[in-house]
Amino acid sequence: NFRQDTRRRRKKIEAGGGEFRLTTSATLDRDVAEFLRLHRRRHPDPGETVLDGENVDSMLVEVGAALLPSERFRLYNLELDGRTVAAHLVLVAGSRALAWNSGFDDAYRSYAPPIQCLVQSLYDSAEHGERMIDLGEGDQHYKQRMATGEEARCERLMIPPGRAQRLDLLRLRASELRHRLGSAG
């Protein structure tokens, strides 16, 4: 049913004139701004997402500019009704792709935009020869339906010293606490 539903929604997008577009160097600034707008709209509370930091916009544009030529920065944009309604960022290292983060407009929920963007990125990753695609953190139902296995992940986070370090640490702890409380409920 999951695959059938995904195909049905994809046809609905195509019938409505929707399309997927990859970010280019010419659209990078605008696409990053749209990606963050859509993501932050879904996570409006301070500290709810790591993408609400001070210099996230400029960092993503800088990383995108450096990685776009080698196709290791893939920002997928789902456009419907002449506007971006979902964005999904995939980062690539070697033969591994990581579905890093996404955002979407809730008014288009019936299209399942996060799933559709993820499926599009899976097709592209297969075409590029990536052997492993990490679906990202979280145990959402759709990820469990798509995955062929699970792998433990160990992460290290570095917060540079400076005036904002204490506030960044506080935001990080608040985000971790919210995540743990959400997982427990």
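So what is the accessible area of the range 1-135 per residue, in Å², with the probe set to 1.4 Å?
Computed with neighbouring chains in place, this is 53 Å² per residue.
Roughly how many Å² of residue 128 are accessible to a 1.4 Å probe, to the nearest 10?
Accessible surface of residue 128 is approximately 80 Å².
Please identify the helices of the chain, taking whole runs of DSSP H, that span at least 18 Å along their own axis as judged from the Cα atoms and have a mean Kyte-Doolittle score of -0.5 or higher.
113-128
Which is the longest run of the chain containing none of the GluC sites (Glu not before Pro) found in DSSP loop states (not H, G, I, E, B) with at most 16 other C-beta atoms within 10 Å?
Segment 72-136 is the longest.
Along the charge dipole of the chain, pointing to its positive end and built from +1/-1 on Cβ of Lys, Arg, Asp and Glu, which listed residue (146, 175, 47) has its Cα farthest out?
146
Accessible area of the chain with a 1.4 Å probe: how many percent of it is carbon plus sulfur?
Looking at the chain in its full context, I get 51 percent from C and S.
Working from the alpha-carbon coordinates of the range 1-106, get Rg over Rh, Rh being the Kirkwood radius.
Answer for the range 1-106: 0.99.
Let's see if you can work this out: charge +1 on each Lys and Arg Cβ, -1 on each Asp and Glu Cβ, no other charges. What is the dipole magnitude of the chain about its Cα centre, in debye to the nearest 20?
460
The values are calculated or read from the model by the stated rules, or taken from the named source; none is laboratory data. Computed from a prediction, not measured in an experiment: that's the story for all the values here. Heads up, the Cβs are rebuilt from the backbone with ideal geometry, glycines too, and the neighbour counts pull from every protein chain shown. Remember, those area values only see protein heavy atoms, side chains included, never the ligands or the DNA or RNA. Shrake-Rupley method; radii C 1.70, N 1.55, O 1.52, S 1.80 Å.
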